[in-house]
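Note sheet for the following structure.
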Amino acid sequence: MSAVDRRDPADLTSLLDHEERAVADSVRKFCADAVDPYVADWFERGEIPGVRDLARELGSLGVLGMHLEGYGCAGMSAVQYGLACLELEASDSGIRSLVSVQGSLAMYAIHRWGSEEHRQEWLPRMAAGEAIGCFGLTEPDAGSDPASMRTRACRDGDDWVLDGRKMWITNGSVADVAVVWAQTDDGVRGFVVPTDTAGFSAPLIKHKMSLRASVTSELVLDGVRLPGAAAFPEVRGLKGPLSCLNEARYGIVWGAMGAARSALQTAQTYAGERTQFGRPIAGFQLTQQKLADMYLEYAKGFLLALHLGRLKDAGELRSEQVSLGKLNNVREAIEICRTARTILGANGISLEFPVIRHANNLESVLTYEGTVEMHTLVVGQALTGIAAFR
Ligand code: FAD
């Protein structure tokens, strides 16, 4: 029997087939070359210089809308998509967010709810990273309760005219197309908004202490006039946006484990090299307990993500199960990062190591795509049959 793999004592990789491992390996290699050497600097500066080039490189890698079929998308499995999210987020949650918002929110919305013209016009360019998308649901006064949104779309002849504001929109300032959800006389509807339309602007949100290697913006819609065909034809109500969020949340279930793995491995290496009281700190029982608990939660989170991925590939994944995965894996990932930070001592707060960056990033991940509290209520409802949202 071969020696235990210190990075993966449970041999989680043995649960993956050849193609799944190949996807993970190729995304990991891409990140090692194109992201890891630069991302701490992007985080520190609060910007990704060359974000458009990065989007094109991600397009060439094949990860933009990789779980969608046709229109230049790779048509890969849910597990393969999840593994890509894990590897991307092992580099930085901001880079995974770029890919999630592009593929699972903007592209998925157009793929699932758009007209054939919308799909033809946008999806091939978005899959290639030639066009960047964003997804505008949240507003200054409507976060967890999107039904209270105020952005409104009114008919003017055959046209639509949109007025309102969206807040905290990933990719907003660099997007070529925005999927915007708005109230109409017929309920909430989705609109495909080219960002060069008059009346549309997307000022950058600054002063973030989390997800700094990610573009976050406000969307201002000031009399944005669109042709009648800009609206998604069929879908009405929150079913539209919630279906997209479910897709993106699924990627987060995996992605959070990437940040956790990176923090855990950093702590393992550090503990083996750092000597105090004449021996590596990895030799102290308290450090070993931390490492053991971190690995246990990582392994459990990975197994949960894989279980949900297998259900999704079988067409049987329920939204409550996605909530369960997002709630557990983000909560445990942030705990793993915080524990890793203590093992690194003072170095734990430095951007020389990825740990504090991951921990800070995960504060956003804990809140976006449904807060930890909202997912707790979803799981609570699944367990009791009683809704406690209002
Ligand atoms: P609120 O809804 O005001 O919640 C505040 C607190 O109250 C939370 O703890 C919440 O859980 C709690 N709370 C609310 N209602 C209840 C209740 N019924 N029971 C118990 N507790 C409750 N949005 C987009 O549309 N597109 C994006 O691309 C996007 N990207 C984002 C990127 C970043 C970096 C961040 C931070 C956010 C992003 N968001 C995006 C917005 C995100 O989805 C919202 O922040 C999230 O839905 C929470 O809304 P809120 O911030 O308004 O908080």
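Rule-based calculations on the coordinates, nothing more; no lab input. Because the structure is predicted, anything quoted here is derived from the model rather than measured. Backbone-built Cβ (ideal geometry, glycine too); neighbour counts: all protein chains shown.
Proximity of backbone amide H atoms, modeled 1.01 Å from N, is registered between Leu68 and Ala74, Gly75, Met76 at under 5 Å, excluding neighbours fewer than 5 places apart on the same chain.
Legend: translational diffusion of segment 123-193 by Stokes-Einstein, Rh = Kirkwood radius over C-alpha pairs, 4 °C, 1.567 mPa s; D = 100 µm²/s. The angle between the Cα long axis of helix 355-367 and the longest principal axis of the Cα atoms of the chain comes to about 40 degrees, rounded to the nearest 10.
Quick one: compute the contact order of segment 239-384, relative version, from alpha carbon pairs under 8 angstrom and 6+ residues apart, as a percent. Once normalised by length, the contact order is 32 percent.
Give the calculated FRET efficiency between Asp163 and Leu286 to the nearest 0.05, with a Förster radius of 41 Å applied to their Cβ-Cβ distance.
0.10
Scattering from segment 184-229 was approximated by placing one identical point on each alpha carbon and applying the Debye formula without solvent; log10 I(q)/I(0) at 0.26 1/Å stands at -0.99. Each helix, a run of at least 4 DSSP H residues, gives -39500 (n - 2.57); summed and divided by the residues of the chain, these come to -16000 deg cm²/dmol at 222 nm. Based on Cα contacts under 8 Å between residues 6+ apart, the chain shows a relative contact order of 17 percent.
Which value in nm describes the separation of the simple spin-label points at Ala10 and Asp196, placed 7 Å from the Cα toward the beta carbon? Between Ala10 and Asp196, the simple spin-label model gives 5.0 nm. Each residue of segment 155-161 was assigned a 3J(HN,Hα) from its phi angle through the Karplus expression (A = 6.51, B = -1.76, C = 1.60, θ = phi - 60°), giving 6, 9, x, 7, 7, 10, 10 Hz with x at Gly and Pro.
What do you get when you divide the Cα radius of gyration of segment 99-252 by 2.2 N^0.38 Å, with N the number of residues?
0.95
For the pair Lys208 and Tyr38, label points projected 7 Å from Cα toward Cβ lie 1.7 nm apart. Panel note: the C-alpha atoms of segment 227-356, placed on their principal axes, show extents of 72, 33, 17 Å (largest first). Between Arg150 and Asp53, the C-beta separation translates, for a Förster distance of 41 Å, into a calculated FRET efficiency of about 0.65. Rg of the Cα atoms in segment 1-142, relative to 2.2 N^0.38 Å, amounts to 1.15. Here r is the Cβ-Cβ distance between Arg274 and Asp25 and R0 is 41 Å; the resulting FRET efficiency, rounded to 0.05, is 0.85.
Using only the alpha carbons of segment 5-88, what is the convex hull's orientation-averaged projected area in square nanometres?
6.7 nm²
For the chain, the average shadow cast by the Cα convex hull is 20.2 nm², which is a quarter of the hull's surface. When the listed pairs Lys29/Lys290; Lys166/Lys326; Lys166/Lys208 are checked against a 20 Å cut-off, the alpha-carbon distance exceeds it for Lys29/Lys290; Lys166/Lys326. For a modelled paramagnetic label at Ser115, 7 Å from Cα along Cα-to-Cβ, the residues of segment 204-245 in reach, with backbone nitrogen under 20 Å, are 224-237, 240-241. Helix 78-91 axis versus longest C-alpha principal axis of the chain: approximately 70°, rounded to the nearest ten. Sequentially through segment 332-343, phi angles give Karplus couplings (6.51, -1.76, 1.60; θ = phi - 60°) of 6, 4, 5, 5, 4, 5, 5, 5, 4, 4, 5, 5 Hz, Gly and Pro residues having no value and appearing as x. Of the GluC sites (Glu not before Pro) in segment 323-378, the ones in a loop by DSSP (not H, G, I, E or B) with at most 15 other beta carbons within 10 Å are Glu352. Counting Lys and Arg as +1 and Asp and Glu as -1, what is the net charge of the other residues whose Cβ lies under 13 Å from the Cβ of Ala90? Residues close to Ala90 contribute a combined charge of +1. Taking the longest Cα principal axis of the chain as reference, the axis of helix 372-384 is set at about 90 degrees.
Gain on full extension, evaluated as 0.36 nm per residue between Asp17 and Ile349 minus their Cα-Cα distance, stands at 115.8 nm. The 3J(HN,Hα) values that the Karplus relation (6.51, -1.76, 1.60; θ = phi - 60°) gives for segment 207-212 are, in residue order, 6, 6, 9, 8, 6, 6 Hz. Gly and Pro appear as x. The modelled label-to-label distance between Arg310 and Ala382, using points 7 Å beyond Cα along the C-beta direction, is 1.7 nm.
Which whole-number percent gives the relative contact order of segment 212-315, counting Cα pairs below 8 Å spaced six or more residues apart? Intermediate values should be presented prior to the final figure.
Details: 30 pairs, mean separation 21.4, N = 104.
Across segment 212-315, relative contact order equals 21 percent.
Proximity of backbone amide H atoms, modeled 1.01 Å from N, is registered between Trp160 and Leu226, Gly228 at under 5 Å, excluding neighbours fewer than 5 places apart on the same chain.
Take the Kirkwood radius over Cα pairs of segment 240-308, plug it into Stokes-Einstein at 10 °C and 1.306 mPa s, and you get 115 µm²/s for translational diffusion. Distant-in-sequence amide contacts of Phe135, defined by a placed amide H-H separation under 5 Å and a gap of 5 or more residues or a different chain, comprise Thr170, Val179. Computed as a quarter of the hull surface, the mean projected area of the alpha carbon convex hull for segment 313-390 stands at 6.9 nm².
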